[in-house]
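Please treat every number below as a calculation from the coordinates, not as lab data. All figures in this text were calculated on a predicted structure; none of them were measured in a lab. Here the Cβ is made from the backbone with ideal geometry for all residues, glycine too, and neighbour counts use every protein chain on show.
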Amino acid sequence: MHRKVLSLIFLTLFLVCGSVQAQTQTDDEANLETHLYLLVGTNQDVVDSKLPSSLDSVMKQLRATLPFKNYRLAATLINRVKNEGRLNLGWIGTPLVTTISPAQPTTRSSFQLRQIKLVRNSEGQSIVQMTGFVFNASIPIPTNAVASNAPGPPPVFNYEGTSLSTDVSMREGEPAIVGTLNIGPSGDAVILVVSAKRTSK
């Protein structure tokens, strides 16, 4: 009887350890698809205020906490990263600050992750940890107001730097607000939202 009980215990431990090892191997070999959304909160009118349905929960939270009349999606960046890997990219995009100038300078931005990793919480839920999340942007700020139909020299812009550095943890597949950055004299703000999930493609 004792031998049967011991055999059953060893078999159970073997199956549990094998399951944990298989899960660890699966996570170690996983590829993660990361989404970085740059939202701009403003009290000005926006041409297109339609936002992805995947951000519905985030928008409900933002509208309850931030006093902006409108939000627009400035950029969406999708990247694939190996589990426990890193990410480093830079880009030049459309201006984050709305200006009435005929010249629309670009915004220089960069995004880094020192490491992205899948873990399990105490309830067994899949959690994505982003260590060393860094976002930098150089925002062009007009130094002289020029009407769109005014003759004369082109407007002059100064680039002002803004950045955010932190560590982030979120449920797999669920978007999370990382932080907000005030930009320019208009009172607008950039809201950083990220999400990540496993992908088999």
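Straightening the chain between Asn136 and Ser169 buys 9.9 nm, computed as 0.36 nm per residue apart minus the Cα-Cα spacing. Over all other residues within a Cβ to Cβ distance under 11 Å of Ala137, the charged ones net out to 0, with Lys and Arg as +1 and Asp and Glu as -1. Of Val47, Val156, the sequence from fewest to most neighbouring Cβ atoms within 10 angstrom is Val47, Val156. For the pair Arg198 and Ile92 in one chain, pulling the backbone fully straight at 0.36 nm per residue adds 35.4 nm over the alpha carbon distance. Ordered by the number of other Cβ atoms lying within 10 Å of each residue's own Cβ, fewest first, Asp48, Asp188 fall into the sequence Asp48, Asp188. Each residue of the stretch 74-88 was assigned a 3J(HN,Hα) from its phi angle through the Karplus expression (A = 6.51, B = -1.76, C = 1.60, θ = phi - 60°), giving 8, 6, 10, 10, 10, 9, 10, 9, 5, 3, 6, x, 10, 9, 8 Hz with x at Gly and Pro. Computed from phi, the 3J(HN,Hα) profile of the stretch 174-186 under the Karplus parametrisation 6.51, -1.76, 1.60 (θ = phi - 60°) reads 9, x, 9, 7, 8, x, 10, 10, 6, 9, x, x, 6 Hz, with x in place of Gly and Pro.
Rounded to whole numbers, the Karplus 3J(HN,Hα) couplings from phi for the stretch 133-138 are 6, 9, 10, 10, 8, 9 Hz, using 6.51 cos²θ - 1.76 cosθ + 1.60 with θ = phi - 60°, and x at Gly and Pro.
Taking Cβ atoms as reference points and 9 Å as the exclusive limit, the residues near Thr34 contribute a net charge of +1, counting Lys and Arg as +1 and Asp and Glu as -1.
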